[in-house]
Amino acid sequence: MHSAPPSSSFLPLPHQLSLRYLDSARSSTTRVDFAAEAEMERNEPVPEAPTPDNQEDVVPAADAQPEPEPEPPAIPQTPQTTLTFLLVSGRRRTMAFDPANTVGRVKELVWNAWPSDAEWQAERPPAPAYLRILYLGKILQDDDTLTKLAFPAHLPPAPSDPTPPPPPTIVHLSIRAYAPPSEDAPKKKKSLRRRGTANNTSTESDGAAAPSGGDDDDAGGCCSGCIIC
């Protein structure tokens, strides 16, 4: 018996094998191409957004410091006259004044700023009118200004200026004699009033006892208001 030849359904034809090979090769090649394109897209740099022409790039400074505060305007300096007052006791004091001040105003300022220690207070007069300012042996008048008397004036030195100020002008300060207030004065006034009242009372009683027609030569006084000491 002869065996039957094999069925054609179990053996692929040559052209079918070539078609399957081509399909698999195409699919694998396509997948490789897609993966390569995705990798290239990830590696491509992201383009920067274009900057407008009217906008500049602001770069922060590394050592940025706050702006210094503006300095206040400087106070204008005014000239001044410096005087050193020399008392008879040897004490001295130096003060500065406006050259436009009068001598009377200077006396008031000196009296108001009199030192508070005991030695100075013992020489303080009761009012500025008792002060006298002498310069080169001459008593200065209250109405004269320091500018009229030709006292030197200068601007106060600045803290950064090493130049020393000019020396002050030395003047003598004397105190006019004045009577110190006495504690016994009120008592003396009261005693005089009491004595006057007693004398008036005695005179009136003597006049009432004398006869109205007596001689004028016997009258002991000119009137009842006189006080006999």
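No value in this document is a laboratory result; all are computed from the given coordinates. None of the values given here were measured: they were computed from a predicted structure. Because the Cβ atoms are built from the backbone with ideal geometry, glycine has one as well, and the counts that use them run over all protein chains shown.
Less than 5 angstrom separates the built amide H of residue 102 from none of the residues sequence-distant by 5 or more or on a different chain. Run through region 91-125 and list the trypsin sites (Lys or Arg not before Pro) located in a DSSP loop whose Cβ has at most 15 other Cβ atoms within 10 Å. Those that pass, being in a loop and sparsely packed, are 91.
Full extension of the chain between residue 121 and residue 93 yields a length gain of 8.7 nm, computed as 0.36 nm times the residue separation minus the alpha carbon distance.
Residue 117 sits among other residues whose Cβ lies under 15 Å from its own Cβ, and their net charge, with Lys and Arg +1 and Asp and Glu -1, is +2.
Fully extending the segment from residue 67 to residue 86 would add 1.6 nm, taking 0.36 nm per residue of separation and subtracting the current Cα-Cα distance. Taking Lys and Arg as +1 and Asp and Glu as -1, the other residues whose beta-carbon sits under 14 Å from that of residue 142 total +3.
Classified by the C-alpha gyration tensor, region 116-161 has an oblate form. Its axis ratio a/c, with a ≥ b ≥ c, is 1.5 or above, and a/b does not exceed b/c.
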